[in-house]
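The values are calculated or read from the model by the stated rules, or taken from the named source; none is laboratory data. Here the structure is a predicted model, which means the values were calculated and not measured. Backbone-built Cβ (ideal geometry, glycine too); neighbour counts: all protein chains shown. Each accessible area value is taken on the protein alone, full model and side chains, heavy atoms only, with ligands, DNA and RNA left out. Shrake-Rupley method; radii C 1.70, N 1.55, O 1.52, S 1.80 Å.
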Amino acid sequence: MTTMSDIDAQRLAERIDTVLDILVAGDYHSAIHNLEILKTELLNTIKEDAESLAKKHKAPWEI
């Protein structure tokens, strides 16, 4: 399981740099598309973390 604290800050920074490079090149559509992909991945990570925590905190009779 990946938690928000496990997200590699270096990898995230590299992806942001890539989007900035795309913006500098003037390809706004691709930059927006890449940001949307990154946002979706981050939101999915948060959702998975929340679901995992919810499962861990159930009492045995709630299974």
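Looking across the stretch 7-27, the residues that are part of a helix (DSSP H, G or I) and within 13 Å of Thr45 (Cβ to Cβ) come down to Arg11, Leu12. With respect to (1) at pLDDT 85 or above; (2) open to solvent by less than 90 Å² (accessible area, probe 1.4 Å), the lone exception for Thr3 is condition (1). Taking the criterion of being open to solvent by 70 Å² or more (accessible area, probe 1.4 Å), closer than 22 Å to Glu14 by Cβ and not aromatic (Phe, Trp, Tyr), the residues of the stretch 28-47 that qualify are His29, Ile32, His33, Leu35, Glu36, Lys39, Thr40, Glu41, Leu43, Asn44, Ile46.
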